[in-house]
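Enquirer: The following block contains the structure, expressed as structure tokens.
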Amino acid sequence: MTMSHNLRELISAERIAARVAELGAQIRADHPDQTITVVAVLKGSFLFLADLVRAIPGDVRIEFLGVASYHGGTSSSGAVQITQDLRGSIEGHSVVLVEDIVDTGLTMDYLLRTLAVRGPRSVRIASLLDKPSNREIDVPVDYVGFTIPDEFVVGYGLDLGELYRNLPYVAVYVP
Ligand code: 5GP
């Protein structure tokens with residue numbers, strides 16, 4: 001059984017749902033009449049993706065990008081590796097890159113540079129969580145769900161050693 005006494009709820013499922021609805025409306029308002037290509041960064045963004053795309057009215061395409069940056073621990077290795085690339089071209093597309101959390105910014109900076117050379121019409125970033133206090137590289141996060149303090153969080157897609165992704169809320173992991 002999961003050691004739930006190590007978890008302190010930070011953002012409830014209700015607050016997440018309300019904020020995701022706002023973000024979806026905002027993303028559509030910023031891309032009127034366009035098909036939006038949502039590029040989800042695996043695995044951590046899968047629940048955010050599922051809720052966010054249902055909150056964006058109109059035409060949406062979904063692509064997946066596999067990235068490994070944290071190798072199962074609670075601090076960044078700094079290295080970014082693409083483990084699964086996009087299936088389709090994004091040339092001329094209005095792209096929204098969907099991430100679970102921006103911490104040092106190294107992952108997003110790398111992905112932005114990688115996608116920019118493929119000729120998209122635009123690339124905007126949506127992140128469920130933002131930990132600005134730990135930033136090493138400035139990245140433009142256009143849509144932020146919640147800004148959080150520098151604590152290690154799990155739940156709603158985010159893991160610790162592959163556990164806790166299924167929690168419907170975001171919690172601070174207390175070692
Ligand atoms: P960055 O490259 O911005 O430092 O880190 C981005 C990635 O690190 C995220 O996509 C996520 O996988 C991982 N990460 C950063 N902070 C946390 C955290 O508090 N909890 C979890 N579970 N992963 C995190």
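Enquirer: Using the alpha-carbon atoms, what tilt in degrees (0 to 90, nearest 10) does helix 13-30 show relative to the longest principal axis of the chain?
Expert: Value to nearest ten degrees: 20.
Enquirer: What list of ³J(HN,Hα) couplings, whole Hz, do you get for the stretch 80-90 from phi and the Karplus terms 6.51, -1.76, 1.60, once you set θ to phi - 60° and write x for glycine and proline?
Expert: Along the stretch 80-90, the couplings run 10, 9, 7, 9, 8, 8, 4, 7, x, 6, 10 Hz.
Enquirer: Over the stretch 111-162, how many percent of alpha carbon pairs lie in each 10 Å bin up to the one with the longest distance?
Expert: The distribution over the stretch 111-162 is 19, 44, 31, 7, given as percents.
Enquirer: Per-residue ellipticity at 222 nm for the chain, helices alone: DSSP H runs ≥ 4 residues times -39500 (n - 2.57), over residue total, nearest 500 deg cm²/dmol?
Expert: Details: 3 runs with 38 residues, N = 175.
That calculation yields -7000 deg cm²/dmol at 222 nm.
Enquirer: Among 132-145, 100-113, 47-60, 5-18, how do they line up by average Cβ neighbours within 10 Å per residue, starting with the highest?
Expert: My ranking of the peptides, most packed first, is 100-113, 47-60, 132-145, 5-18.
Enquirer: State whether the stretch 80-166 is rounded, prolate or oblate according to the following rule on the C-alpha gyration tensor (a ≥ b ≥ c being the square roots of its eigenvalues): a/c under 1.5 gives rounded; otherwise a/b larger than b/c gives prolate, and the remaining case gives oblate.
Expert: On the way: a/c = 2.00, a/b = 1.54, b/c = 1.30.
Prolate is the answer for the stretch 80-166, as a/c is 1.5 or above and a/b outweighs b/c.
Enquirer: Going by alpha carbons, how many degrees (0 to 90, nearest 10) lie between the helix axis of 106-116 and the longest principal axis of the chain?
Expert: For 106-116 against the chain, the angle is about 10 degrees.
Enquirer: If you look at just the Cα atoms of the chain, how large are its Rg and its Dmax in Å?
Expert: 15.5, 48
Enquirer: Enter the Cα centre distance for the pair the stretch 22-37 and the stretch 87-139, rounded to the nearest angstrom.
Expert: So the separation of the two Cα centres works out to 16 Å.
No lab work stands behind these numbers, since they all come straight from the coordinates. For clarity, every value in this text was computed on a predicted model and none was experimentally measured. In this analysis, Cβ positions are derived from the backbone assuming ideal geometry, glycine residues included, and neighbour counts consider all displayed protein chains.
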